[in-house]
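Visitor: Quick one: the structure is below, questions incoming.
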Amino acid sequence: MAHLLQGDPAPDFTLPDQDGIGVSLGDHRGHKVLVYFYPKADTPGCTAQSCGLRDIKGDVGGAAILGISPDPPAKQAKFDAKYGLGFPLLSDPDHAVADAWGTWGEKSMYGKKYMGIVRSAFLIDEDGRIAHAWYKVSPKDTAANLLNAVKG
């Protein structure tokens with residue numbers, strides 16, 4: 001799993017959002033974007049992470065927020081509706097985008113190893129480059145990291 005570093009170009013993508021509409025990273029060129037990868041919609045950690053971002057989205061100077069998980073659009077739509085997230089939740093079922101961003105890797109639970117999303121977040125600058133990369137970020141730190149990076 002190769003990690004993206006500060007200054008690297010952010011790998012472009014187009015994925016369907018919770019409404020089935022294709023969203024591309026390139027659509028946001030000229031603006032800051034937080035791209036975060038989460039394992040599974042409507043689970044405790046992913047809910048805390050996503051709701052934390054929802055709660056600060058008005059404080060990040062217009063930076064867009066894009067969430068990505070392997071969940072299908074219908075599940076993303078239910079997650080968005082249940083918590084009123086109000087930003088695109090993108091479906092990456094074959095984890096091709098997660099692979100390109102270095103967020104698909106080996107995980108372990110109860111001694112069993114499996115492949116899955118490594119919770120991570122990235123702040124992309126206006127030129128489409130990685131400004132900050134947070135791999136293995138905790139759900140509660142995602143929003144604080146974004147706020148600090150945008151204000152710093």
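Quick note: the coordinates plus some simple rules give every number you see, no bench work behind them. None of these values were measured; they are calculated from a predicted model. So basically every Cβ, Gly included, is an ideal-geometry build from the backbone, and we count neighbours across all protein chains shown.
Visitor: Residues 48, 98, 63: which one is touching a residue at least 60 places away in the same chain (Cβ under 8 Å), under 13 Å from residue 143 (Cβ atoms), touching a strand residue (DSSP E or B) at 6+ places or on another chain (Cβ under 8 Å) and small (Gly, Ala, Ser)?
Guide: Only one candidate passes the filter, namely 63.
Visitor: Could you tell me which numbered condition residue 20 fails, if it satisfies all but one of (1) under 18 Å from residue 103 (Cα atoms); (2) loosely packed, with under 13 Cβ neighbours inside 10 Å; (3) in contact with a helix residue (DSSP H, G or I) (Cβ under 7 Å, 6 or more places away or on another chain); (4) not β-branched (Val, Ile, Thr)?
Guide: Unmet for residue 20, out of (1) under 18 Å from residue 103 (Cα atoms); (2) loosely packed, with under 13 Cβ neighbours inside 10 Å; (3) in contact with a helix residue (DSSP H, G or I) (Cβ under 7 Å, 6 or more places away or on another chain); (4) not β-branched (Val, Ile, Thr): (1).
Visitor: Shifting gears a bit: Check off (1) under 17 Å from residue 21 (Cα atoms); (2) touching a Cys at 6+ places or on another chain (Cβ under 7 Å) for residue 77 and give me the number that stays unchecked.
Guide: (2)
Visitor: Quick one: residue 90 ticks every box in (1) outside any strand (DSSP E or B); (2) in contact with a strand residue (DSSP E or B) (Cβ under 6 Å, 6 or more places away or on another chain) bar one, so which box is it?
Guide: (1)
Visitor: Restrict the check to the range 77-89 and report whether at least one residue is of a type in the set (Ser, Thr, Tyr) and surrounded by 17 or more Cβ atoms within 10 Å (Cβ to Cβ).
Guide: No, every residue in the range 77-89 fails to be of a type in the set (Ser, Thr, Tyr) and surrounded by 17 or more Cβ atoms within 10 Å (Cβ to Cβ).
Visitor: Restricting to strands (runs of 3 or more DSSP E) lying wholly in the range 13-77: which have 1 or more residues that are aromatic (Phe, Trp, Tyr)?
Guide: Fully inside the range 13-77 and qualifying: 33-37.
Visitor: While we're here: Which ones in the range 80-97 are over 15 Å from residue 16 (Cβ atoms) and small (Gly, Ala, Ser)?
Guide: Residues satisfying the conditions are 81, 84, 86.
Visitor: Next question. Would you check if residue 92 is under 22 Å from residue 9 (Cβ atoms), among the acidic types (Asp, Glu) and crowded, with 20+ Cβ neighbours inside 10 Å?
Guide: yes
Visitor: Would you please name the residue that is surrounded by the fewest Cβ atoms within 10 Å (Cβ to Cβ), looking only at residues in the range 131-152 that are among the β-branched types (Val, Ile, Thr) and within 13 Å of the chain's Cα centre (by Cα)?
Guide: Ranking the qualifying residues of the range 131-152, first place goes to 137.
Visitor: Take the residues in the range 23-56 that are more than 16 Å from residue 92 (Cβ to Cβ) and basic (Lys, Arg), then tell me which one is surrounded by the most Cβ atoms within 10 Å (Cβ to Cβ).
Guide: Here the residue is 32.
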